[in-house]
Amino acid sequence: MNQIKIEGRHALHGTIQISGAKNSAVALVPASLLADELVTIDNVPNISDIAALDEILTYLGADVTRDGSIMKIDPSKIECKEIPESISTKLRASYYFMSAMLGKFHHVEMYFPGGCAIGARPIDQTLKAFRSLGATVIEDGNKYIVDAEKLIGAPIYLDMPSVGATINAILVAVKAEGVTTIENAAKEPEIVSVATFLNNMGAKIRGAGTSTITINGVNKLHGCFTEVIPDRIEAGTYIIAGALLGDHLRIQNLIPDHVDSLILKLKEMGYPMEIGDDYIEISAIDSPKAVSVKTLGYPGFPTDLQQPLTVLLTQCKGTSKLEETIYENRFGHVPYLNRMGADILIKDRSIFVTGGTKLIGKEVDATDLRAGAAMILAGLASQGTTTINSIEHVLRGYENILEKLTDAGAKVELIEI
Ligand code: EPU
């Protein structure tokens, strides 16, 4: 178990380059197995979640090569094998293999996926989509055996706009006979990038990015090239770092529209920002104003930035309210922030952050990926030294985070123990 040690209160300046999006790449990589030929994906982040997906692809028989940010996947020799529990529980995105394998082989045997412990995270909507398209699902404890003699296009209504269920429904429907419509679909940029990737392979998907997606099934999908979109959550995390400690910190290679909800909140707090075609420049200000925030599906405020934002709210004047509507247990960062001197009260699914408190470095835990990002931000903003345990959670999702922060002027180091 490694630690990150941070000496706080150093200004951040220069430029931080944003990597390819974790939550887009983790869907594109499993989706590649639907092709019958070589696919090439560029701008793939070097994070441990991608390494885990590479392991699953290789286990299934794909030929995978990685050269920097380019990943080449030849899925032509993939076999229909059970994916063992030891690898499917390594990450949430392993369940994209469930749908890609079902689409390709009409059969899959797999286990409940892993992922951060931020709520129950059931997969009922994915299973509902499978059943709607004609599959039978046998649930045996944690194991799922999904089988379909034929996959037939059908209407699918999602009870909530789930990112994972929307992508899973698309991955099966592209190979089903006839027309599928997904109603109440999630609208995140990750959905659009998966649909674009599959359309590049010859799929017929319309409406991705809206709440109704229509898919005309096809028999074959050919090889293609795609590029992972910039990571809006990584970008948002560094923008918040800039709001805390920036001295003209530039966050480059992002799509400003994808972080609009964060930009609007920062404007409400009083931050001036320079916003270019692919960058945002931000500096810390005195006494930003308290705000009210509610997490929602895209284009609403992303749950994945709720924990990083909490750190900035501790520095705002007044009491901010932050309501988490997506996950029932995503406040693992709060006790640690309070230990560092913050004044945060948890009430049901909301937190109330009374700002203007001085943060003091302490030993803390990264309870999950974005809680870990919040701990890093808190460490950067604190007086003294912060030591963060369980940092493997952070390395799952942030490429070269220590190098990026060090280059921007932070004093951070990895301690191997
Ligand atoms: N839900 C159900 N049933 C389902 C599916 C979802 O009840 O069948 C509920 C979930 O329990 C949750 C809500 O619906 O309360 C939304 O879940 P969703 O399916 O949208 O999330 P996900 O696909 O499991 C992805 C990201 C998460 C991100 C969410 C929301 C990946 C691998 N994960 O999860 O990313 O928070 O969408 O945007 O893409 C992270 O990066 O830190 C992270 C957790």
Original post:
Going by the conditions given, is Lys204 charged (D, E, K, R), touching a strand residue (DSSP E or B) at 6+ places or on another chain (Cβ under 8 Å), surrounded by fewer than 16 Cβ atoms within 10 Å (Cβ to Cβ) and at pLDDT 95 or above?
Top reply: yes
**OP:** Could you list, in sequence order, all residues of the stretch 119-162 that are among the basic types (Lys, Arg), closer than 20 Å to Arg92 by Cβ and either open to solvent by less than 20 Å² (accessible area, probe 1.4 Å) or within 16 Å of the ligand (Cβ to nearest atom) (or both)?
**Re:** Arg121, Lys128
Original post:
Of the residues that make up the stretch 48-63, is at least one without any contact (Cβ under 8 Å) to a residue 40 or more places away in the chain, farther than 23 Å from Ile145 by Cα and in contact with a helix residue (DSSP H, G or I) (Cβ under 7 Å, 6 or more places away or on another chain)?
Top reply: yes
**OP:** Among the residues of the stretch 246-262, write down those that are within 23 Å of Asn43 (Cα to Cα), surrounded by fewer than 24 Cβ atoms within 10 Å (Cβ to Cβ) and over 16 Å from the mean Cα position of the chain (by Cα).
**Re:** Arg250, Gln252, Asn253, Pro256, Asp257, Asp260
Original post:
Of the residues that make up the stretch 232-245, is at least one farther than 16 Å from Leu28 by Cβ, open to solvent by 10 Å² or more (accessible area, probe 1.4 Å) and in contact with a strand residue (DSSP E or B) (Cβ under 6 Å, 6 or more places away or on another chain)?
Top reply: yes
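Quick grid of which residues meet (1) more than 16 Å from the ligand (Cβ to nearest atom); (2) among the basic types (Lys, Arg):
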residue: Leu12; (1), (2): yes, no
residue: Lys22; (1), (2): no, yes
residue: Asp63; (1), (2): yes, no
residue: Ser88; (1), (2): no, no
Original post:
Can you name the helices (runs of 4 or more DSSP H) wholly within the stretch 291-391 that have at least 3 residues being under 24 Å from Ile263 (Cα atoms)?
Top reply: 306-313, 369-381
Original post:
Which ones in the stretch 38-78 are part of a helix (DSSP H, G or I), more than 15 Å from Thr226 (Cβ to Cβ), open to solvent by less than 40 Å² (accessible area, probe 1.4 Å) and among the β-branched types (Val, Ile, Thr)?
Top reply: Ile56
**OP:** For Ile18, state whether it is among the aliphatic types (A, V, I, L, M) and open to solvent by 50 Å² or more (accessible area, probe 1.4 Å).
**Re:** no
Subject >> the stretch 210-221, residues that are open to solvent by less than 30 Å² (accessible area, probe 1.4 Å) and under 23 Å from the mean Cα position of the chain (by Cα) >> reply: Ile213
Original post:
open to solvent by less than 50 Å² (accessible area, probe 1.4 Å) and farther than 25 Å from Tyr96 by Cβ: does that describe Ser193?
Top reply: no
Original post:
When the stretch 274-284 is examined, which residues are found to be touching a residue at least 24 places away in the same chain (Cβ under 8 Å) and not in a strand (DSSP E or B)?
Top reply: Asp278, Ser283, Ala284
Subject >> Residue among Ser320, Ser283 that is open to solvent by less than 10 Å² (accessible area, probe 1.4 Å), polar (S, T, N, Q), over 28 Å from Val228 (Cβ atoms) and away from the ligand (no atom under 16 Å from the Cβ) >> reply: Ser320
Original post:
Which number in (1) crowded, with 21+ Cβ neighbours inside 10 Å; (2) at pLDDT 95 or above marks the one condition that Gly397 misses?
Top reply: (2)
Original post:
Is one or more of the residues making up the stretch 295-316 without any contact (Cβ under 8 Å) to a residue 60 or more places away in the chain, among the charged types (D, E, K, R) and at negative phi?
Top reply: no
**OP:** Taking Glu188 as the residue in question, decide whether it is crowded, with 17+ Cβ neighbours inside 10 Å and closer than 25 Å to Val39 by Cβ.
**Re:** yes
**OP:** Could you please find all residues in the stretch 287-316 being open to solvent by 30 Å² or more (accessible area, probe 1.4 Å) and in contact with a strand residue (DSSP E or B) (Cβ under 9 Å, 6 or more places away or on another chain)?
**Re:** Ser287, Lys289, Ala290, Ser292, Lys294
Original post:
Which of the following residues is without any contact (Cβ under 8 Å) to a residue 60 or more places away in the chain and aliphatic (A, V, I, L, M): Ala373, Ala410, Ala366?
Top reply: Ala366
**OP:** Read through the list (1) out of contact with any Ser or Thr (no Cβ under 9 Å at 6 or more places or on another chain); (2) open to solvent by less than 10 Å² (accessible area, probe 1.4 Å), then give the number of the only condition that Lys267 fails.
**Re:** (2)
Original post:
What is the number of the single condition among (1) over 18 Å from Gly14 (Cα atoms); (2) in contact with a Gly (Cβ under 6 Å, 6 or more places away or on another chain) that Cys224 does not meet?
Top reply: (2)
Original post:
How many residues does the stretch 79-118 contain that are aliphatic (A, V, I, L, M), buried (at least 20 other Cβ atoms within 10 Å of the Cβ) and outside any loop (DSSP other than H, G, I, E, B)?
Top reply: 7
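The values are calculated or read from the model by the stated rules, or taken from the named source; none is laboratory data. This one's a predicted model, so the numbers in the text were calculated from it and none came from an experiment. As a convention, Cβ positions derive from the backbone with ideal geometry for all residues, glycine included, and neighbour counts pool all protein chains shown. These accessible areas exclude ligands, DNA and RNA; they are computed on the full protein's heavy atoms, side chains included. Shrake-Rupley method; radii C 1.70, N 1.55, O 1.52, S 1.80 Å.
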